[in-house]
Each structure stands twice: as structure tokens, then as C-alpha cells.
């Protein structure tokens, strides 16, 4: 007998895991900043941290408010014509009623592979983009499953969550680079105490390893959010069949050439990568989980 899985339990479990992973990224950033502060003398530390804060703040604001435009531009997406793509609009309109979400803007990406993604900082500024391959190769039920998955990302604030995670990862990389480059200008005589030397070593280790670790954590978060979106899609459509059939067809996809920063947004991983470095969980595993719902 197949053990049944509640999509409510799946959603709650993956949200908890994602928050935990998000906390790890934040803790690494704090540890890196603290090590820098302890490794340098007061003025040096103050100058480095202020410079890092200014750079990361500008980076964060641009990333947060322009994430949708950057994503759409990077894949060459265009706004979908409501007359030409009536079914596309009709399905999403139905899902907005089921989810209680506002109508997102709909875009199309010219690519023969079956895929889709959602972007935007919140439900009021959300965008869904599907490939021409998805519109041509999926039947209505399968397309509904795919679009329900993308609406789930919007409903669960996954777009904002992943954007903030990407910003944190970017901040760690920026702070690490500023710290490592600042070592060339460090006054060795100004801070020769033992504690400062220890924190300097810790800071160097964190600066080298933190960007790698946080990138792996970001990938793990992305995989967890995909399971959550699958479960929420079942909640919206009341059936896993459409999404299961769509994922089955997606297994025959060829590799899509897209930017690594955009790859986590897609329904299925567009680029080939080892499981550890993949932005998405294995499709066969996703199908197995959906079949138990």
C-alpha cells in the first residue's frame, strides 16, 4: 500500500527547512563581519565595514527592485498577446480565483523546451513566463499544472525569499572580496596582538569558504522551495495529474542556455548539473512525491 502524503504537511515541512537554511546564510554573514571587526584595528575595521555596507546596500536595492526586469531581459521574454494566447490567460485567470492572488503579468520565452518561471518581488508585482515549447507541447491539464506551480511560487512568496537569499549570498561574496583585498593595505604593526591574529585567520577562512557554502545552501533552499510549490500546485488544482504528466514530458528536455542567476526560477532545471550543484530536485523524485498526494 502506497503511503499517502498530505500537501499541507509537505508545504509546512519545506517552509521550515527553507527558513533554517536561510538562517545559516545569515549566520555566516554575521560571523564574517564579526571576524573582520576583530581582526582589524578600530579605524581600519570601521572603514572596511562602512565601505562594504554602502556597496552591499546599493547591490541589494538594485537586485530587489529590478529582479523581474533582469530575469525577463536575460531570457529575451516578451509580453504574451491576450488574443493569441487566450488559453494561457484563461488558465491563469482561473488560478487567481482559486488562489485569491492578483493577476500576474504574462510573458513568453521563445524556446522549444518545456519550462516556465515566476519572478517579481511580491504578488502585486509578479510575472509568469512560459516557453513556447510549453504552450505547444502541453495539453490544457498539463499546462494548468505547470502554471499552478508558478502561481504557488507567487503565493508562497518564494520569489521574494529566493531574491533575498540571492542578495544575502551576493553580500557575503562582496564582503569577502573587500576583506581579502583589504589585506594588502593592512598595517601589520597596528594590530599585532594574538587575538587579532587569530580572528584574522578565521576571517580569511570564512572569506574563502563562506561564498562556497552559501552558494550550496542557496541551491538547497531552491530545491526545497520546488517541493513546496509542487504541493501547493496540487492544493490549487485539487489533482497532481496535470503536473505529473507535464514533468514526465519535461524529462525529455534538452539543455537550455540560461544565466545561472535565473536558473533557480525555472520549473525544471534548465542547465545540466550534478545533484549537489543543481537548483532543482530530481524530476523522478518529484513525480514520486506527487503520486503519493
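The values are calculated or read from the model by the stated rules, or taken from the named source; none is laboratory data. Note that the structure is predicted; figures quoted are calculated from it, not measured. When we count neighbours, we look across all protein chains shown, and the Cβ atoms used for this are built from the backbone with ideal geometry, even at glycine.
Laid out as a table, the results:
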| quantity | calculated |
| --- | --- |
| Options 176, 118: the member that is within 18 Å of residue 226 (Cβ to Cβ) and crowded, with 19+ Cβ neighbours inside 10 Å | 118 |
| Test result for residue 150, touching a strand residue (DSSP E or B) at 6+ places or on another chain (Cβ under 7 Å), touching a residue at least 60 places away in the same chain (Cβ under 8 Å) and in a helix (DSSP H, G or I) | yes |
| Residue check, residue 172 modelled with pLDDT under 75 and either under 30 Å from residue 147 (Cβ atoms) or part of a helix (DSSP H, G or I) (or both) | no |
| Where residue 184 falls short, out of the listed (1) closer than 27 Å to residue 53 by Cα; (2) modelled with pLDDT of 75 or more; (3) surrounded by fewer than 19 Cβ atoms within 10 Å (Cβ to Cβ) | (2) |
| Which numbered condition residue 93 misses (of (1) in a helix (DSSP H, G or I); (2) under 21 Å from residue 233 (Cα atoms); (3) in contact with a helix residue (DSSP H, G or I) (Cβ under 9 Å, 6 or more places away or on another chain)) | (3) |
| Failed condition for residue 81, given (1) over 16 Å from the mean Cα position of the chain (by Cα); (2) in a helix (DSSP H, G or I); (3) at pLDDT 75 or above | (2) |
| Odd one out for residue 111 among (1) at pLDDT 85 or above; (2) part of a helix (DSSP H, G or I); (3) touching a helix residue (DSSP H, G or I) at 6+ places or on another chain (Cβ under 8 Å); (4) crowded, with 19+ Cβ neighbours inside 10 Å | (2) |
| Subset of the range 96-108 that is touching a residue at least 12 places away in the same chain (Cβ under 8 Å) and part of a helix (DSSP H, G or I) - its residue that is surrounded by the fewest Cβ atoms within 10 Å (Cβ to Cβ) | 98 |
| Subset of the range 246-255 (residues that are modelled with pLDDT under 90 and in contact with a helix residue (DSSP H, G or I) (Cβ under 7 Å, 6 or more places away or on another chain)) | 251 |
| The lone exception for residue 206 - which of (1) buried (at least 23 other Cβ atoms within 10 Å of the Cβ); (2) at pLDDT 85 or above it fails | (2) |
| Test: residue in the range 133-142 that is in contact with a helix residue (DSSP H, G or I) (Cβ under 6 Å, 6 or more places away or on another chain), surrounded by fewer than 22 Cβ atoms within 10 Å (Cβ to Cβ) and either without any contact (Cβ under 8 Å) to a residue 40 or more places away in the chain or assigned to a helix (DSSP H, G or I) (or both) | yes |
| Extreme residue, nearest to residue 97 (Cα to Cα), among residues of the range 201-252 that are without any contact (Cβ under 8 Å) to a residue 12 or more places away in the chain and in a helix (DSSP H, G or I) | 212 |
| Candidate set from the range 256-285 (those that are modelled with pLDDT of 70 or more and in a helix (DSSP H, G or I)); member that is surrounded by the most Cβ atoms within 10 Å (Cβ to Cβ) | 265 |
